[in-house]
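Visitor: After the structure tokens below, expect a handful of questions from me.
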Amino acid sequence: MIQRIERSFHLEEWRADELPPSDLELLQSAHNACQSAYSPYSKFNVGSSVRLASGTIVAGSNQENSAYPSGLCAERVAFFAAGAQHPDDPIVAAAVVTDSTMPVLDFSPCGGCRQVMLETEDRQGAPIRFLMQTGASNVLVSANVSQFLPLSFKLPAHRNP
Ligand code: THU
């Protein structure tokens, strides 16, 4: 063996009412967005909101389709909408919530969203604070999104922008 490669992972659990107002505002926006979920197939509603450096909040919700793989998670709807509408305004924080009262530890972004969020963080060069909540549960907080995907795909440098 040449070396052992290890990665550590850190989350904080907060009582919602002890979070700073900016986090509560982002969570509330994500809960509102949850109501616009189009989820007739899974019947699982997800809302996601991102805060940009300018203070603008962009929201998304999961959007499904009868051709199932064509649907998109709430996080990617929000991240891509922010990228498309505010390409020069970095994302400083993001929240993802569901109205389902499942254990919050079982509610973290899927692999595809992790890859998308990681690349957003990489390219803007500044961390994205990430909040997760199910119903009115305690809130899980990550200082960045890259740690969700300790190994990720990155195109060779000569193909990168
Ligand atoms: N979903 C999200 O929108 N975000 C997540 O973090 C997990 C799953 C959506 C995808 C699909 O529309 C539904 O929830 C059930 O998987």
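Visitor: Going through the range 49-75 one residue at a time, which ones are among the charged types (D, E, K, R), closer than 18 Å to Arg129 by Cβ and open to solvent by 20 Å² or more (accessible area, probe 1.4 Å)?
Guide: Correct list: Arg51 only.
Visitor: Filter the range 20-46 for residues that are more than 20 Å from Met102 (Cβ to Cβ) and of a type in the set (A, V, I, L, M, F, W, C); which is surrounded by the most Cβ atoms within 10 Å (Cβ to Cβ)?
Guide: Leu26
Visitor: Wholly within the range 1-81, which strands (runs of 3 or more DSSP E) include no fewer than the required count, namely at least 3 residues that are of a type outside the set (Ser, Thr, Tyr) and more than 16 Å from the ligand (Cβ to nearest atom)?
Guide: Per the criteria, 12-14.
Visitor: Just to verify a result, which residue in the range 129-150, among those that are part of a loop (DSSP other than H, G, I, E, B), within 19 Å of Phe9 (Cβ to Cβ) and in contact (Cβ under 8 Å) with a residue 60 or more places away in the chain, is nearest to the chain's Cα centre (by Cα)?
Guide: Ala143
The values are calculated or read from the model by the stated rules, or taken from the named source; none is laboratory data. Source: prediction; values computed, not measured. Methodologically, a virtual Cβ is constructed for each residue, glycine included, from the backbone with ideal geometry; neighbour enumeration extends over all protein chains shown. Heads up: the accessible areas ignore ligands, DNA and RNA and are worked out on the full protein's heavy atoms, side chains in. Shrake-Rupley method; radii C 1.70, N 1.55, O 1.52, S 1.80 Å.
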